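*Asks:* I'd like to ask some things about the structure below.
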């Protein structure tokens, strides 16, 4: 039996029980979960081993992990804060800030289209190699040259990988700083977050757990049951489908344990964080945290969680809901409550905030299971959190 470490405030014991059960029943190898309520930490748990693919080094309180697409929620905050500060107009064409982007019929792609997955650019005609994906030049050039897969603004489809180069380049054009540097200076530093988009060399050794794909002992509750299962299976297996091409915009797939990949500033997929950092980040979007004034003004919070895209997703082949940069509560992305907003990472991690209850949540794992938006381990923790809030 795994020895679960950490603390929970009185009343949040169901979260500890669910976390322990993930190791006993759901194939967990190494993980952590944290919850804040009204800016105060009420859950801080960790357990298992640091490296999912072997070794016996225990997961420590400060162990960090690649969180895949949960990074997108951090990246979205950058654009929304730039808007809040008057540095970017969400309704301006992307080409206003990035002239080369206007090519191939993209003159009318708006900044808000990038955040709401409506730009029509989820896939590349010519995928990038792992080396090109991280060089800081090839990705932006590829999305700037790419023709949209649909008329921008008329539909939505998850930009699984291209989100990295779209948002990363836009932030750099607007601010003169890379998105990883902006996050470090404007959010992670002031809030004391162990969170990086681009892991610095001093943090490379011994801090980040190695991840691997694992099989779930139970059939995963993928959250993708709003369409026939076969349709989803077919989309992921067909090499010509938009689904498969979107996830294969980097081909062959990069080694996520490679220090070069960890150091890359890929805000769609390569952020590295502790569970506490994710929960604390989302806590800072909805309220003050340890004397640091909340990041999102009320109007910005409204933008984050007001529905921009809903219905059939051209990439995920299910009905999805997005605000500006964030997944919203629904069948494909179950969060805590209807007003919650956040982002999962494919195969495991999850982070979100629920302004009505004042709760924020962060979960990271090193064992990546076969799901896209609703990992069964994360969902067990969310259900337990809901019970704790109502008992």
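We did not get these values from a lab; they are worked out from the coordinates using the rules stated. Owing to the predicted nature of the structure, the values given are computational and were not obtained by experimental measurement. Cβ atoms come from the backbone with ideal geometry, glycine included; neighbour counts cover every protein chain shown.
*Asks:* For the range 274-391, build the convex hull from the C-alpha positions and give me its volume per residue in Å³. Spell out each step's value before the answer.
*Replies:* Numbers: hull volume 11.9 nm³, N = 118.
Value for the range 274-391: 101 Å³ per residue.
*Asks:* Just grab the label-to-label distance for residue 356 and residue 253, each label 7 Å out from Cα along the Cβ direction, in nm (one decimal).
*Replies:* Result for the modelled spin labels: 3.7 nm.
*Asks:* Right, next: What value, in deg cm²/dmol to 500, does the helix sum -39500 (n - 2.57) over DSSP H runs of n ≥ 4 give at 222 nm once divided by the residues of the chain?
*Replies:* Details: 13 runs with 117 residues, N = 391.
Mean residue ellipticity, 222 nm, calculated: -8500 deg cm²/dmol.
*Asks:* How do 255, 17 line up, fewest other C-beta atoms within 10 Å first?
*Replies:* Working: 255 11, 17 14.
Ordered by Cβ neighbours within 10 Å, fewest first: 255, 17.
*Asks:* Tell me, 138, 178 in order of fewest to most beta-carbon neighbours within 10 Å?
*Replies:* 138, 178
*Asks:* Follow-up question, since we're still on this one. Tell me the relative contact order for the chain as a rounded percent, counting alpha carbon contacts under 8 Å between residues six or more apart. Working shown, then result.
*Replies:* Numbers: 929 pairs, mean separation 101.3, N = 391.
Rounded, it is 26 percent for the chain.
*Asks:* In what sequence do 46, 165, 150 fall when counting other Cβ within 10 Å, fewest first?
*Replies:* Values: 46 24, 165 28, 150 16.
Going from sparsest to densest Cβ surroundings: 150, 46, 165.
*Asks:* Something else now. Classify the range 5-390: rounded, prolate or oblate, from the alpha-carbon gyration tensor (a ≥ b ≥ c, eigenvalue square roots; a/c under 1.5 rounded; otherwise prolate if a/b is larger than b/c)? Provide the component values of the computation, followed by the final result.
*Replies:* Numbers: a/c = 1.43, a/b = 1.30, b/c = 1.10.
Judged from the Cα gyration tensor, the range 5-390 comes out rounded (a/c under 1.5).
*Asks:* Let me ask another. Quick one: which of 309-316, 155-162 comes out on top by average Cβ neighbours within 10 Å, and what's the full order, highest first?
*Replies:* On the way: 309-316: 19.4, 155-162: 25.2.
Highest to lowest by the protection proxy: 155-162, 309-316.
*Asks:* Also: How many nm separate the modelled label positions at residue 129 and residue 5, each set 7 Å beyond the Cα in the direction of the Cβ?
*Replies:* For residue 129 paired with residue 5, the spin-label model returns 4.1 nm.
*Asks:* Also, I was wondering about something else. For a quick check, take a GNM of the chain with Cα springs below 10 Å and name the residue from 339, 330, 54 with the largest mean-square fluctuation.
*Replies:* In the Gaussian network model the winner is 54.
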